[in-house]
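The values are calculated or read from the model by the stated rules, or taken from the named source; none is laboratory data. Bear in mind that the values here come from a model prediction, so they are computed numbers and not experimental data. Every residue, glycine as well, gets a Cβ built from its backbone with ideal geometry; the counts of neighbours run over all protein chains shown.
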Amino acid sequence: MPAPHPRTPHPAPSTRGFAAVTLLALTAGLHAGSPAVQPGMGDPLLGLTADEQTRFDLGRVAYTRLLDADDGLGPVFNATSCASCHNNPVGGAGRFVNFHFGIVDDRGVFDPMLDLGGTLLQQLSFGCDEVIPAEATDLHQRITPGALGFGLIEAIPDAAFLALETTPPSAEVSGRAQLIVPLETPGGPARVGRFGWKAQVPTIRSFSADAAVNEMGLTNALLPDETLPNGDASVLEWCDFAPDPEDNPDLGGGLPFVDRVTDFQRLLAAPPQTPRSGMSGESLFAAVGCTDCHVAGFVTSDDPSLEAALRNRSVRPYSDFLLHDMGALADFPQADASAAEFRTTPLWGLRTRTAMLHDGRARSADLAGLVTQAVAWHDTKGSEAQAAARAYFALTADERADVIAFLDSLGRREFDHDGDDDVDADDLGAFTDCYGGSGYTADDACARSDLDQDGDVDPADLAGFVLVYAGPQADCDGDGTGDLDEIAAGAADADFDLVPDACVIDGDVDGDGDVDFEDLLLVIAAWGPCPDPPATCPADLDASGTVDFTDLLLVLTHWS
């Protein structure tokens, strides 16, 4: 990695106080041509209008609201809020496990046992417990998929998916689009399914209505009938007290609950990718065949009926949203998908997950271990991904590490060097080390701070850093504005030390904030020509290349 910009000593941060991040950078910061900082996971899309931001905020309130029986929760259910399951972060994937049951007969035909409440088991109830019927012979589990970037996914034209179906990227795969009529338009037309493990849901509104009734027992305008405990309608007399449909405007704060949570998911930003592209691991990821299914990018529709924040946007979900045969990973049929067919899971936001695959069988707190397990399970009998999985394991250990490093970029915030999903004082040190340096590639750690991806970390990148930085700032002149904000707003910082030049004390050789006998001794000890590079010669206060009488005078002049 290129060496960070060499630094000269400077005074310690003022002890007269620290300034929190201000809005100064918003008005004076981002340089012309610099890209906007990507939203973090769980944040709203960039560019929302005030009305759309309000829709997002109210939708989040509904999404996190804990429902009770008076709201219509139950009588059987799996969660009391959307965020109970979609919780990494709110709106993201989760580890909650759903159980499904059915019967596979002698001919191999799956019976979903709808008359006995199948296929989904509701694990909680208000005294009307549902159980897995004794007759069930086919049992499966699934974990919670994420909803991040849902609005962008919904805005991808059907034609983009159908083109991948008819012209696959390689002969190894044969993805298939599943066409589904949305619940909200029962007369059609069908749309390409893109949500759910089997791509069985085509729109966010259908997804929200289905989850409301099946996971929370909340009947709504699209699905007005209760989920019956093991198919028994008679138990509703003593277990269900709210009239159907239970979703009403009061529950959603002026709009029905389903509408509110649809708004929230629709306006959720896609997970960030830092650096945005170009890592060598991504090239390897493509070379072994992973992108045959985990297609990197799409462009959303330019339909004027869409919100501007969703229109004509480049997105990188790393999925083709098509059904692929995964062989022995099969669970059960759903809609028009066979037991072995699964939608390609989007990989954006991968770095925070602790479980992968539809049933969560790949589990690890370590990303490398998680990915290793998941890829290994792709190499099952009958799986379309066998060739890609084997090619991945044929890579060298260093090459596999490069792929993991790329996957670790999916969901990482810009400037988040320590990977804890925030930008605080721990990341400031890493940013400082990178600041002023150049020649960075996408594989260098400093690329996390190269907002404009031009190979260096400079004032244009600092302007973005101060927008998201959540830690304290030194305030060298005690004026209430942090040093970072002042430099982002144009204060001179010729030596790239993140201390405004106006605060630097000439004559302070040792950088302790004052000029005293120790500085005088350092000048005398360094007397003569400076070594190369001169940055290792802090006693050369006038940058002449020689420590001499002029430097001694500067110490005496600023004695303090």
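Return yes or no: is LEU218 free of Cβ contacts under 8 Å to residues at least 60 places away in the same chain, of a type in the set (A, V, I, L, M, F, W, C) and assigned to a loop (DSSP other than H, G, I, E, B)?
Values: free of Cβ contacts under 8 Å to residues at least 60 places away in the same chain: no; of a type in the set (A, V, I, L, M, F, W, C): yes; assigned to a loop (DSSP other than H, G, I, E, B): yes.
Spelling it out, it is not the case that LEU218 is free of Cβ contacts under 8 Å to residues at least 60 places away in the same chain, of a type in the set (A, V, I, L, M, F, W, C) and assigned to a loop (DSSP other than H, G, I, E, B).
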Note to self: Can you report the number of residues in region 90-104 which are in contact with a helix residue (DSSP H, G or I) (Cβ under 8 Å, 6 or more places away or on another chain) and surrounded by fewer than 20 Cβ atoms within 10 Å (Cβ to Cβ)?
What the structure shows: 2
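Looking only at region 495-546, count every residue that is small (Gly, Ala, Ser) and over 26 Å from ASP477 (Cβ atoms) and tell me the total. Let's see the steps before the verdict.
Of all residues in region 495-546, those small (Gly, Ala, Ser) come to 502, 507, 511, 513, 525-526, 528, 535, 539, 543-545.
Imposing the further condition that a residue be over 26 Å from ASP477 (Cβ atoms) reduces the set to 525-526, 528, 544-545.
So the answer is 5.
Take the residues in region 229-270 that are assigned to a loop (DSSP other than H, G, I, E, B) and acidic (Asp, Glu), then tell me which one is nearest to GLY74 (Cα to Cα). Can you show your working first?
Step one: of region 229-270, the residues assigned to a loop (DSSP other than H, G, I, E, B) are 232, 240-256, 267, 269-270.
Keeping just the survivors that are acidic (Asp, Glu) gives 232, 240, 244, 246-247, 250.
Numbers: ASP232: 14, ASP240: 7, ASP244: 12, GLU246: 10, ASP247: 12, ASP250: 18 Å.
Once the filter is applied, the top-ranked residue is ASP240.
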Next item on the list: Give the number of residues within region 178-215 that are closer than 23 Å to ALA155 by Cβ and touching a residue at least 40 places away in the same chain (Cβ under 8 Å).
Entry: 21
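Among the listed residues ASP512, ASP485, which satisfies the condition of being at pLDDT below 90 and of a type in the set (Asp, Glu)? Before you say what the answer is, go through the steps one by one.
Values: ASP485 fails: at pLDDT below 90.
None of the other options fit; the residue is ASP512.
Tell me whether region 10-20 contains one or more residues that are outside any loop (DSSP other than H, G, I, E, B) and modelled with pLDDT of 90 or more.
First, pick out the residues of region 10-20 that are outside any loop (DSSP other than H, G, I, E, B): 18-19.
Filter again for modelled with pLDDT of 90 or more, leaving none.
No, because not a single residue in region 10-20 is outside any loop (DSSP other than H, G, I, E, B) and modelled with pLDDT of 90 or more.
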Check: What number of residues within region 254-278 are among the hydrophobic types (A, V, I, L, M, F, W, C) and within 17 Å of PRO35 (Cβ to Cβ)?
Finding: 2
Check: Taking the stated definitions as given, is ASP427 more than 16 Å from the chain's Cα centre (by Cα), free of Cβ contacts under 8 Å to residues at least 60 places away in the same chain and within 21 Å of ALA36 (Cα to Cα)?
Finding: yes
Note to self: Given the condition within 15 Å of GLY149 (Cβ to Cβ) and among the aromatic types (Phe, Trp, Tyr), answer yes or no: does some residue in region 288-309 qualify?
What the structure shows: yes
Check: Is there a residue being under 24 Å from ASP424 (Cα atoms), of a type outside the set (Ser, Thr, Tyr) and assigned to a helix (DSSP H, G or I) anywhere in region 512-529?
Finding: no
Check: Of (1) touching a strand residue (DSSP E or B) at 6+ places or on another chain (Cβ under 9 Å); (2) of a type outside the set (Ser, Thr, Tyr); (3) farther than 13 Å from GLY74 by Cα; (4) in a loop (DSSP other than H, G, I, E, B), GLU226 satisfies all except one. Which?
Finding: (3)
Notebook entry, point to check: Quick check: anything in region 349-363 part of a loop (DSSP other than H, G, I, E, B), modelled with pLDDT of 95 or more and crowded, with 23+ Cβ neighbours inside 10 Å?
Noted result: yes
Next item on the list: Might you check whether a residue that is surrounded by 17 or more Cβ atoms within 10 Å (Cβ to Cβ), of a type in the set (A, V, I, L, M, F, W, C) and under 22 Å from ASP43 (Cβ atoms) occurs anywhere in region 469-483?
Entry: no
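Among the residues of region 262-278, is any modelled with pLDDT of 95 or more, farther than 24 Å from ASP421 by Cα and in contact with a Gly (Cβ under 9 Å, 6 or more places away or on another chain)?
Looking through region 262-278, at least one residue is modelled with pLDDT of 95 or more, farther than 24 Å from ASP421 by Cα and in contact with a Gly (Cβ under 9 Å, 6 or more places away or on another chain).
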Note to self: I need every pair where a residue in region 307-321 that is assigned by TED's automatic domain parsing to the domain that holds LEU152 has its Cβ under 9 Å from the Cβ of a residue that is at pLDDT below 95, sequence separation at least 6 or different chains.
What the structure shows: ARG316/ARG276; ARG316/SER277; ASP320/PRO168; ASP320/PRO169; ASP320/VAL173
Next item on the list: Considering each of VAL523, VAL509, VAL499 in turn, give the residue that is touching a Cys at 6+ places or on another chain (Cβ under 7 Å) and of a type in the set (A, V, I, L, M).
Entry: VAL499
Check: Of (1) of a type in the set (Lys, Arg); (2) surrounded by 16 or more Cβ atoms within 10 Å (Cβ to Cβ); (3) part of a loop (DSSP other than H, G, I, E, B), ARG55 satisfies all except one. Which?
Finding: (3)
